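Undergrad: One structure is given below, represented as structure tokens, and several questions about it will come after.
The values are calculated or read from the model by the stated rules, or taken from the named source; none is laboratory data. These numbers come from a predicted model, not from an experiment. A quick note on method: Cβ atoms are made from the backbone with ideal geometry, for glycine too, and the neighbour counts reach across all protein chains shown. All accessible areas refer to the heavy atoms of the entire protein, side chains included, with ligands and DNA or RNA removed. Shrake-Rupley method; radii C 1.70, N 1.55, O 1.52, S 1.80 Å.
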Amino acid sequence: MCPAGPGDAYVPARELGGDFYDLLPFGVGRLAIAIGDVSGKGTAAALYGSLAIGILRELVVDREATPAEMLRLLNGRLLAARLDARFIAMHFAIYDAALRELSIANAGGTLPLLIRGGEVTEIDVREYLLGCCQHEYDEVRLSLKPGDIVVFASDVSMSP
């Protein structure tokens, strides 16, 4: 995002929470990127996030699906677990190094940003949170150029 300015600070969390990320090999020359945020704080949110990452790692090993399909499959597994009152906002993306292509699906997370040539644009991909209802997810494919930067965030918190 933006560099810290005067008076800004990056402060580590003081309590356990449900933010998570993972980078996973996804076939030859491809990398899966998962970034998520579980609703709530504390041990329950952290455990639910661990469950999601565990399921996701299993799905990545078993299949080479699109990001939209991966979110649909993960959502189905989370719904089957029937853990009420927990939802996950999550991005799942696949980077193909040979094609310089990034495919992104988003389940209720903040919009990713593309920084290209000094210009910042939001990548308009948005869908429903994971764990709340059955849903089909959409995805966006980007052809990346040298120097492009894509920024994901699990959430945005601004303090005065």
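Undergrad: Would it be correct to say that Glu139 is buried (at least 19 other Cβ atoms within 10 Å of the Cβ), at pLDDT below 90 and touching a strand residue (DSSP E or B) at 6+ places or on another chain (Cβ under 8 Å)?
TA: The answer is no for Glu139.
Undergrad: Shifting gears a bit: Restricting attention to region 12-63, which residues are within 23 Å of Tyr128 (Cα to Cα), of a type in the set (S, T, N, Q) and not in a strand (DSSP E or B)?
TA: Hit for region 12-63 is Ser50, nothing else.
Undergrad: Output the residue which, of all residues in region 45-75 that are without any contact (Cβ under 8 Å) to a residue 12 or more places away in the chain and more than 15 Å from the chain's Cα centre (by Cα), is least open to solvent (accessible area, probe 1.4 Å).
TA: Ranking the qualifying residues of region 45-75, first place goes to Ala65.
Undergrad: Then there is this: Could you go through region 45-56 and let me know if any residue there is closer than 16 Å to Asn106 by Cβ and at pLDDT 90 or above.
TA: yes
Undergrad: Restrict the check to region 116-136 and report whether at least one residue is open to solvent by 40 Å² or more (accessible area, probe 1.4 Å) and closer than 21 Å to Leu24 by Cα.
TA: No, that holds for no residue.
Undergrad: Conditions: (1) polar (S, T, N, Q); (2) loosely packed, with under 14 Cβ neighbours inside 10 Å; (3) touching a strand residue (DSSP E or B) at 6+ places or on another chain (Cβ under 7 Å); (4) modelled with pLDDT under 90. Ser154 meets all but one. Number of the miss?
TA: (2)
Undergrad: It is to be established whether one or more residues within region 80-89 are assigned to a loop (DSSP other than H, G, I, E, B) and of a type in the set (Asp, Glu).
TA: Yes, that holds for at least one residue.
Undergrad: May I ask you to say which residue of Leu99, Leu129, Leu142 is of a type in the set (A, V, I, L, M, F, W, C) and more than 17 Å from the chain's Cα centre (by Cα)?
TA: Only one candidate qualifies: Leu99.
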